[in-house]
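What follows is a set of notes on a single structure, which appears directly below.
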Amino acid sequence: SSAENAPALKIALAEAAGRLGVQGAAAVLLTQLKSDPSFNVRVASLRALQALKVPNMDEVMKLAVADADANVRRAALAVLPSLALSDAAKVQSLTTVIRGGTVVDQQAGFEVLGTLKSSEAEQALASFFDGLAAGKMPPAVQIDLVDAMQANGAPALEAKLEAHRKTKAVDTVALAFR
């Protein structure tokens, strides 16, 4: 039936719109990203909107990174670095994913965040690290955060890591003598 073919058709149309630069399709693609039941259609719509370089890409990303489906969230993370968005907007999208996503989303979010060399990225990483130091960061993503901080390479982040290592070492030694 045509209903069963609908997702495949929507995906093909989204891909064609992106490839051919059909700006007129942007409104339909945005609606599909917001509300299509098929995550494959939502991913294809996101990629087409990226290809069209729509002016409201920050709005598109806010939707995509908060999508209920992990495939859409990961597609959003994958396209994020290449977008012509401000670093502030990119960091905001990544922070949304890291705060609200699954462990896999968080790991992917930190990986992308580590590649952004901006003061916004540095502040976001520092803030997440304060959460780690306060024991509020799930163990499964702690190493990803540390990797992202090292990848960022900002001296202030390196200093935070070093100070944390020293306290950790002191705690460990203190425990050994109890």
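The values are calculated or read from the model by the stated rules, or taken from the named source; none is laboratory data. As the structure is a computational prediction, the values presented were derived from the model and not from experiment. Every residue, glycine as well, gets a Cβ built from its backbone with ideal geometry; the counts of neighbours run over all protein chains shown. When the accessible area is computed, the model is the full protein with side chains, heavy atoms only, and any ligands, DNA or RNA have been set aside. Shrake-Rupley method; radii C 1.70, N 1.55, O 1.52, S 1.80 Å.
Solvent exposure of the chain, expressed per residue, is 53 Å² of accessible area, with all protein chains present and a 1.4 angstrom probe.
What a 1.4 Å probe finds exposed on the chain is 59% carbon and sulfur by accessible area, rounded to a whole percent.
Within a straight-line Cα-Cα reach of under 18 Å, LYS34 can be paired with the following aspartates and glutamates, leaving aside sequence neighbours fewer than 8 residues apart in one chain: GLU15, ASP58, GLU59, ASP67, ASP69. Full extension of the chain between SER119 and ASP147 yields a length gain of 8.3 nm, computed as 0.36 nm times the residue separation minus the alpha carbon distance. Let me know the whole percent of all Cα-Cα pairs from the range 72-149 that are separated by more than 22 Å. Counting every Cα pair in the range 72-149, those more than 22 Å apart make up 13 percent. Membrane-span-like helices in the chain (whole DSSP H runs, Cα extent of at least 27 Å along the helix axis, mean Kyte-Doolittle hydropathy of at least 1.6): none found. Charges were assigned to the Cβ only: +1 to each Lys and Arg, -1 to each Asp and Glu. The resulting dipole of the range 1-97 about its Cα centre is roughly 120 debye.
In the chain, helical runs assigned H by DSSP with n ≥ 4 each contribute -39500 (n - 2.57); averaged across all residues and rounded to the nearest 500, the mean residue ellipticity at 222 nm is -25500 deg cm²/dmol. Checking the cross-link filter: which lysines have an alpha carbon closer than 30 Å to that of LYS136, excluding same-chain neighbours under 8 positions apart? The qualifying lysines are LYS62, LYS90, LYS117, LYS160, LYS166, LYS168.
Could you state, as a whole-number percent, how many of the C-alpha pairs of the chain are farther apart than 26 Å? So the pairs more than 26 Å apart make up 39 percent of the total in the chain. Per q in 0.12, 0.22, 0.23 Å⁻¹, report the Debye log10 I(q)/I(0) for the range 1-77, using one uniform scatterer on each alpha carbon and no solvent. Debye intensities relative to I(0), on a log10 scale: -0.27, -0.91, -0.99.
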